[in-house]
Every structure is written in structure tokens, then in C-alpha cells.
Amino acid sequence: MRKLKVYIAVSLDGYIATREGKIEWLTGYPNPEGTDYGYADFLATTDTTLMGNTTYKEVLVLSETFPYPDKINYVFTRDSTHIDTEYVKFISRDIAEFVDHLKKEDGKDIWLIGGGQLNGALLQANLIDEMIIHVMPLILGDGLPLFGGIPMEKVFRLTTTKAYYNSVLKLHYEKIIN
Ligand SMILES: NC(=O)c1ccc[n+]([C@@H]2O[C@H](COP(=O)([O-])OP(=O)(O)OC[C@H]3O[C@@H](n4cnc5c(N)ncnc54)[C@H](OP(=O)(O)O)[C@@H]3O)[C@@H](O)[C@H]2O)c1
């Protein structure tokens, strides 16, 4: 079965964006050596992406051209009137059921891009297999939580860590299989 993987960046206090949805603190963070934080290697392990509609809209604002044209891209929304585009399919069916089925199909792994609401719904449904989390060395004090602020308790196993020269810390977690 293919894996559902989070690959994301968070502030030191666990936020993926400011309360207003801004991520300049992330995109503008100093990276003088130009590392890609393993992004290209990660991307090559996947052929499908999942996004919440808020993240999708943000992606369209941030990028001149759609950044994942070679992937199968699903955008989750509760509004069933959205029309699919050249690059994305809108899904308004039950998220957990849809993703559970998707994981059983043939293919490479699936990148759960975010945001927090989608991450939270899929974590709650125990569908996330791996999490690669880049902890940025800055505190926002408030913002949009990594897992949507949904109360729950889930335990993962830490497999690897990597500290970058610019104080970014990459944490790689795997689901504990009982
Ligand atoms: N730090 C990072 O690396 C990173 C990565 C990804 C995203 N982000 C940021 O995260 C922010 C967005 O996160 P977010 O948590 O506010 O929103 P989100 O998860 O991206 O999207 C929320 C939207 O997804 C749809 N949705 C959520 N739960 C659903 C469900 N159970 N069934 C069907 N549709 C559902 C709804 O769309 P409708 O309103 O259309 O119904 C909802 O409004 C953005 O600012 C983005 O830039 C940061």
C-alpha cells in the first residue's frame, strides 16, 4: 500500500501560517546556501498531492504557474460546485473514505501538502504514515496550527533528524504499526 506523507514547515511553536494565512516568515527565511531541504528527493517519491481548498488558493496566489503539473492533484472542499481544472480534481466526498481508497491504488506515495484542517482530518482518521516536518527557528505566538487545532492524541516514532546550517531542523516520523 502506498504511503500518505506530510512534508511541511512549522514555526517553533507549531504553526504553519499566521492567523491571516501569511507564510512570508517561511518563504523569506534566510537560506544562503540554497538547500532544498530534501524537497526534490521527496517529490520524486510521490505522484499524487492532497490539498485543502485554502492551501490550493494560496498556491495559486504564490505561483505564476501551477507548481505540480506532473502530479495527480486533489483539492478538498465542502462545496461540490467547483469545476475541475487542467491540474486539479475537487473532492467533496468523505475525506477519510476517499484517501483510504486512494492509498490502496497502485502508484507512488502521496504528498499531503496541507493545510492544517486537512492534516488534522487525516491524522484523526489514522491515515498519515510519515511526517517530514521542518521546524523553523522562529516563534509566531499565534497562527494556524499544524493539525488544525483538533483535540486528539497520536504518537509517532522518530526515524531521522537533520539539522541545517541555518538552524532549520528536519524531523522525520513514522506511524507506529501495532
Ligand atoms: N507551512 C507550510 O509548509 C504550509 C503548507 C501548507 C499550507 N500552509 C498554509 O496553511 C494555510 C491553510 O491552512 P488551513 O488549515 O487554514 O486550510 P486547509 O486545510 O488548506 O483548507 C481548508 C479548506 O479545506 C476544505 N476542507 C477542510 N476540511 C474538509 C473536510 N473534512 N471535508 C471537505 N473539505 C474540507 C474546506 O474548503 P471549502 O472552504 O472550500 O469547503 C476548508 O475551508 C494557508 O495559509 C497555507 O499557506 C502552510
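Quick note: the coordinates plus some simple rules give every number you see, no bench work behind them. Since this is a predicted model, take the numbers as computed values, not measurements. When we count neighbours, we look across all protein chains shown, and the Cβ atoms used for this are built from the backbone with ideal geometry, even at glycine.
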Put a dot 7 Å past each Cα toward the Cβ at L62 and T45; how far apart are the dots in nm? 2.0 nm
For q = 0.09, 0.12, 0.20 Å⁻¹, what log10 I(q)/I(0) does the chain give under the Debye formula with an equal point scatterer on each alpha carbon and no solvent? -0.30, -0.56, -1.71
Let me have the 222 nm mean residue ellipticity of the chain computed from DSSP H runs of 4+ only, each contributing -39500 (n - 2.57), with the sum over all residues rounded to the nearest 500. -5500 deg cm²/dmol
For the range 1-82, the count of lysine pairs 8 or more apart or interchain whose alpha-carbon atoms are under 20 Å apart comes to 4
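Can you figure out the FRET efficiency of K108 with N31, using R₀ = 30 Å and their beta-carbon distance, to the nearest 0.05?
FRET efficiency, K108 to N31: 0.65.
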Size of charge dipole - the range 1-87 - debye, nearest 20, with Cβ of Lys, Arg +1 and Asp, Glu -1, no other charges: 380 debye
Work out the FRET efficiency for I139 and I176 from their Cβ-Cβ distance, taking R0 = 30 Å, and round it to the nearest 0.05. 0.55
Cα centroid separation, the range 18-66 to the range 123-178 (Å): 16 Å
Separation between the D84 and R19 pseudo-spin-labels, each 7 Å from Cα along Cα→Cβ, expressed in nm? 3.9 nm
Would you kindly state how much longer the chain becomes between D94 and V155 on full extension, computed as 0.36 nm times their sequence separation minus their alpha carbon distance, in nm to one decimal? 19.5 nm
Which value, in debye to the nearest 20, gives the size of the charge dipole of the chain about its Cα centre, when Lys and Arg are +1 and Asp and Glu are -1 at the Cβ? 380 debye
